[in-house]
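Each remark here refers to the structure printed beneath this line.
Read-outs throughout are calculated quantities, based only on the coordinates presented, and are distinct from any laboratory measurement. If you're wondering where the values come from, they're calculated on a predicted model, not measured in any experiment. Every residue, glycine as well, gets a Cβ built from its backbone with ideal geometry; the counts of neighbours run over all protein chains shown.
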Amino acid sequence: MSEDAITESKPQPSLRHWRTDTDIDGVLWLTLDRAGESANSLSREVLQELETIVEQVEKTPPRGLVLQSGKPGSFIVGADVREFDDVDNPRQASESIEEVHRLFSRIEALTCPTAVAIEGYCLGGGVELALCFDYRIARNDDNTRLGFPEVQLGIYPGFGGSARSTRQMGGMKAMEFMLTARNMRPGAARASGLVDELVGPHGSLRWAARRAVLKGKKSRRPGFVARMTNVSPMRGWLAGVMRKKTAARANPKHYPAPFELIDAWEEEGDDFDDMLEEEAERVGRLITTDTSKNLRRVFFLMERLKGLGKASSFEARRVHVIGAGVMGGDIAAWCVLRGLEVTLQDREMKYIEPALKRANSLFKKKLRSPDLVAGAKSRLIPDVEGRGVARADVIIEAIFENAEAKRELFKAIAPKMKKDAILATNTSAIPLAELAEVLDQPERLIGLHFFNPVAKMPLVEVVYDETTDAEQVSHGASFCGQIGRFPLPVKSSPGFLVNRVLAPYMRKAMQIHQQKGVPIEALDKAARDFGMPMGPVELADTVGLDVGLGVIQTLGGEGSESEAETLKAMVDEGKLGKKSGEGFYVWKDGKPVKTQGASDGINLESLAEELMEPYFDECKAALADGIVEDAEVLDAGMVFGTGFAPFRGGPMHYLAQQGESS
């Protein structure tokens, strides 16, 4: 019997977002297919319709109920974040949360067996809804993920997730799941108790769900040890450990949500109803804070950049990277990790070998499976002769920052390229026109400026000027989207956007250090206290002092001669920063060695203001020069390219909030 034969559709015209179908065995199939949206999210209207359905099920219970998604390859991505700003005050927010709590409790109390069939992304409210059902089945493939991303929006799970996940998984596992906001693969979700059954890539989720409700399967509660993590005194001790670990990643002044979650669990973790009450009160308060509002703004900025990554239908299969240094080698490895075949060129094999070694480490870390690692290694092909140029869909130049060397390279490779291939430079500061002048088709050259470390930095500047073919820019943006990076279109000018803003910021730090004797540790701590993920001195070391020297020499600026001399002396001594083991800091095991107590007695708030002033000034100047389309795009570039404090919503937004005109 085919799957189609087991259902008898009974459409309900009053429902816009849900379909209800009953099969020949009396199983009710509840399908969410939100109208007018590419993905399912739990809006007020969706939840209101769900309440109507629950009322019918309560009155006339079916033999079983199965929840599934009508969106191919996607389940439910959470609550509708767009509606969060409709809430005016904490009390109103808490009352709305309590309404959802009551609805989800009714689902949990249904007398018929219930199951969920999960395929694709199941996030936030989607996980919380799934936890209300008796049994959870997930597709075991690379496209299915489960996660609680709420702390990234300045809140924590508010539709019963904190209470139900700690009850289902045990306190320790559930709290880690919520606090880290990491997505779980299906196997990990099954091992943690979040999911009860897995169905392979070619198996039938529908038959598995049907079998589960007909047999009345129930999810197992966690084992004794996992249950005990919810009980005092173990819970109190674990809360202390969690608080310390979380504080190492996030300042509680800037990001209160994870600490509120820990407090709620420590106080009420052994009482389900009290956890729900705490959730409604705390999340209701958090959702109306400036931190949450600004983090939501960053979320929408991210979505805008993601949209730019779908600018055209361009799709690459093969990439050729020229230059196997840290940037070129890591760009090549990242493209391979995203499923592409990559040829990596340099003058001799000895220059490519370190890149292959780093790539192998990345593959092992990200892919885990020996077969997947072997497959990735086979797609990264050393290519000293440059034979890959003729077959590549995208060619990325990533040699050292010398305009003449880059021009000579472009002259040599341009005649060998496919006519529809993207030709891109990874230059960090050189204007496009200086490089394109040697090409017969200068409009073909774009910039694809990646940031170090490539595997962690989500932004790529897509550089263009007045002569660039607009289609090439769209293709470049789509390529960024294909490899999981946010494209930021920027007009070509010295330093583009990110380096243009960072250069005076880092120069200012060097000036304060040299002229006032302020310890580098104090400079970095002042920036971190402001909300930057890394201080300017540590950032300079991480980017590479040789790269920083090239940027300063290209951009110039008041007082830059002294800083350039300092950097040149360090570079000449082989002090390149993190990659050489020494720069401004000595680096051990990938971390800078810092002098304890170096910041004592220094007014860090005043120091932060002094440090950030040139950063803000350059942001305003770049916007006035039309380097990016608008203030929102600039804010996105600064958040995802420089790590500007997300809880402040972006530099231009921050200035506006401070009463400054953009």
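A few remarks follow.
- Cα gyration tensor category, rounded, prolate or oblate, for the range 499-626 with a/c compared to 1.5: oblate
- Packing-based ranking, highest mean first, of 253-260, 57-64 given that Cβ atoms within 10 Å are counted: 253-260, 57-64
- Euclidean distance of C-alpha centroids, the range 415-461 and the range 19-34, integer Å: 51
- Remark on the range 17-134: ratio of C-alpha radius of gyration to 2.2 N^0.38 Å is 1.05.
- Rounded to the nearest 5, the antiparallel percentage of DSSP beta bridges internal to the range 3-288 is 30%.
- Kirkwood Rh and Cα Rg combined as Rg/Rh, the range 313-494: 0.94
- Here the range 233-264 and the range 171-192 have alpha carbon centers that stand 17 Å from each other.
- Packing here is the average count of other Cβ atoms within 10 Å per residue, and on that basis the peptides 150-160, 200-210, 545-555, highest first, run 150-160, 545-555, 200-210.
- On Cα atoms only, tilt of 349-367 relative to the major axis of the chain in degrees: 20
- Rounded to the nearest 10 degrees, the angle from helix 234-249 to the longest Cα principal axis of the chain is 30 degrees.
- Sites listed here are GluC sites (Glu not before Pro) in the range 424-467 whose DSSP assignment is loop and whose Cβ has at most 15 other Cβ atoms within 10 Å: 437, 466.
- Over 27 Å between alpha carbons, listed pairs 406/568; 350/508; 59/218; 245/568: 350/508; 245/568
- Compared with the dominant Cα axis of the chain, that is its longest principal axis, helix 90-108 is turned about 50°.
- Base-10 log of normalised Debye intensity for the range 3-288 (one unit scatterer per alpha-carbon) at q = 0.13 Å⁻¹: -0.86
- With the simple model of a label 7 Å out from the Cα in the direction of the Cβ, residue 274 to residue 347 spans 7.0 nm.
- For the range 3-288, with +1 on Lys and Arg beta carbons and -1 on Asp and Glu, the positive-most of 159, 32, 133 along the dipole: 133
- Neighbour-count order for 267, 55, 341, fewest beta carbons within 10 angstrom listed first: 55, 267, 341
- Stokes-Einstein diffusion of the chain at 4 °C, 1.567 mPa s viscosity, Kirkwood radius from Cα pairs, rounded to a whole number: 48 µm²/s.
- Annotation for the range 299-356 versus the range 56-80: alpha-carbon center distance of 40 Å.
- With each label modelled as a point 7 angstrom along the Cα→C-beta vector, the residue 60-residue 569 pair spans 8.7 nm.
- Dipole in debye (nearest 20) - the range 3-288, about Cα centre, beta carbon charges: Lys, Arg +1; Asp, Glu -1: 1200
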